[in-house]
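To start, the structure under review is shown below, and the notes come after it.
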């Protein structure tokens with residue numbers, strides 16, 4: 001697999017192999033795209049989509065991305081937490097975005113630090129790093145499990 005550069009990401013969007021909506025050119029990085037926070041939830045406590053939410057130390061939470069992602073048959077993506085959040089004690093475990101996936105992303109995190117951390121709607125949270133596959137997938141995400149296909153907002157495990 002080959003990691004796509006900023007120029008290659010734009011080309012993939014131009015030919016319809018990749019879609020990011022809404023797309024903000026300021027979120028494009030040399031080798032990826034920064035995703036922004038649209039919604040935050042602390043399970044069984046609070047869920048917001050405006051303003052900000054303080055994540056207490058020792059609490060888990062979920063973030064939904066503002067961006068809706070569509071990966072074509074030749075593209076998949078890795079997710080990486082922005083290091084500014086890791087420096088504050090936020091830990092996340094991310095999966096891969098499969099070829100054929102369409103929807104917003106639910107990102108799960110944990111505040112492992114000793115201090116509360118504030119998450120503001122519209123802030124960048126994670127980076128997607130796109131990869132061109134060795135060939136198109138013969139069976140896309142939507143044709144396999146597709147559990148989270150077309151999700152919008154925070155979606156907990158099904």
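The values are calculated or read from the model by the stated rules, or taken from the named source; none is laboratory data. Just so you know, these numbers come straight off a predicted model, no measurement behind them. For neighbour counting, all protein chains shown are included, and Cβ atoms are generated from backbone atoms with ideal geometry for every residue, glycine included.
When you look at residue 34, is it at negative phi and out of contact with any strand residue (DSSP E or B) (no Cβ under 8 Å at 6 or more places or on another chain), yes or no? So residue 34 does not fit the description; no. The set of residues in segment 60-73 being buried (at least 17 other Cβ atoms within 10 Å of the Cβ) and not in a strand (DSSP E or B) consists of 66, 67, 72. The number of residues in segment 1-51 that are under 15 Å from the mean Cα position of the chain (by Cα), part of a loop (DSSP other than H, G, I, E, B) and over 23 Å from residue 73 (Cβ atoms) comes to 2.
Yes or no, residue by residue, for (1) at pLDDT 95 or above; (2) part of a strand (DSSP E or B); (3) more than 21 Å from residue 18 (Cβ to Cβ); (4) under 16 Å from the mean Cα position of the chain (by Cα):
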site: 99; (1), (2), (3), (4): no, no, no, yes
site: 109; (1), (2), (3), (4): yes, yes, yes, yes
site: 127; (1), (2), (3), (4): yes, yes, no, yes
site: 146; (1), (2), (3), (4): no, no, no, no
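Take residue 113 and decide whether it is surrounded by fewer than 20 Cβ atoms within 10 Å (Cβ to Cβ), out of contact with any helix residue (DSSP H, G or I) (no Cβ under 9 Å at 6 or more places or on another chain), on the phi < 0 side of the Ramachandran plot and modelled with pLDDT under 95. The answer is no for residue 113. Residue check: residue 28 meets all listed conditions (1) touching a helix residue (DSSP H, G or I) at 6+ places or on another chain (Cβ under 9 Å); (2) at negative phi; (3) in contact (Cβ under 8 Å) with a residue 24 or more places away in the chain but one, namely (3). Whether a residue is in a loop (DSSP other than H, G, I, E, B), crowded, with 18+ Cβ neighbours inside 10 Å and out of contact with any strand residue (DSSP E or B) (no Cβ under 6 Å at 6 or more places or on another chain) was assessed, and residue 135 does not pass this test.
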